[in-house]
DNA sequence: TTTGTATTTAGCTAAATAGCTAAACATCAT
DNA sequence: ATGATGTTTAGCTATTTAGCTAAATACAAA
């Protein structure tokens, strides 16, 4: 699961996720949004796939990448949980005098 | 701001944040929770400080570390925003047929 | 002022990372 | 079969990172 955090630590990969949030795209389309060489981006896609954040499907000539929304969601909400920050729960967050959740 | 993501990518540093969520601690106390050499941890504290996630205050002999709750909160909620995942907003998330937020 | 305690800085090594180019692979079109 | 297109793999380099030990710094206590 730590792979997810590592994957999210890179700005290029975060941008890839943002792009895929809007619609599925193939590697080439994604690459158009960056100034890096194709193999560099290919590696980024692989990292995201290893973290299960995206999923690639071969379609003829190309590979369509799709965002794995649930995994991303769970990762981020899990992070909120980990630090006991409100976010996922409806009830107002109880706090002590130092701004810490109880 | 990307320093925050990098800082969060390391499991040791995440554990430090979790420990500090409960109470302020000095470097030595924190170090007791890990098997690494002191200088290694000192470096981790520095990374967290550079990301403004924690703040160290010299108190006589020692340095008391304190979690910067607001920065951590904003970082995580900002991440949810970035990917347009519910979390911070009250209204239920609208979704299309593919599980994507609209 | 000397000794002890807490922490960091300096300097090293090994491993991981992000970038590149060139080459390979797979599929489509001719 | 040949060539064109889309994508990855192989292999390289430079940078960053996490770990270590030893030494330096800062303060407290005696």
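None of the figures in this text is laboratory data; all of them are computed from the coordinates on show. For clarity, every value in this text was computed on a predicted model and none was experimentally measured. Cβ: placed from backbone, ideal geometry, glycine included. Neighbour counts: every protein chain shown.
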With label points built 7 Å along Cα→Cβ from the Cα atoms of residue B:43 and residue A:15, find their separation and express it in nm.
2.9 nm
As an exercise, find the ratio Rg/Rh for the stretch A:2-83 from alpha-carbon atoms, using the Kirkwood inverse-distance average for Rh.
0.98
Rounded to one decimal in nm, the spacing of the 7 Å Cα→Cβ label points at residue A:36 and residue B:82 is 1.4 nm
Over the Cα atoms, compute the radius of gyration (one decimal) and Dmax (the largest Cα-Cα distance, rounded to a whole number) for the stretch B:1-50, in Å.
10.4, 30
Expected integer from the mean partner chain Cβ neighbour count at 10 Å over B:69-82 is 4
Cβ neighbours within 10 Å from other chains - mean over B:21-32:
1
How many nm separate the modelled label positions at residue A:61 and residue B:55, each set 7 Å beyond the Cα in the direction of the Cβ?
5.7 nm
Packing rank of A:51-59, B:27-35, where each peptide gets the mean count of other beta carbons within 10 Å, highest leading:
A:51-59, B:27-35
Between residue B:70 and residue B:2, what is the FRET efficiency for a Förster distance of 30 Å, r being their Cβ-Cβ separation, to the nearest 0.05?
0.95
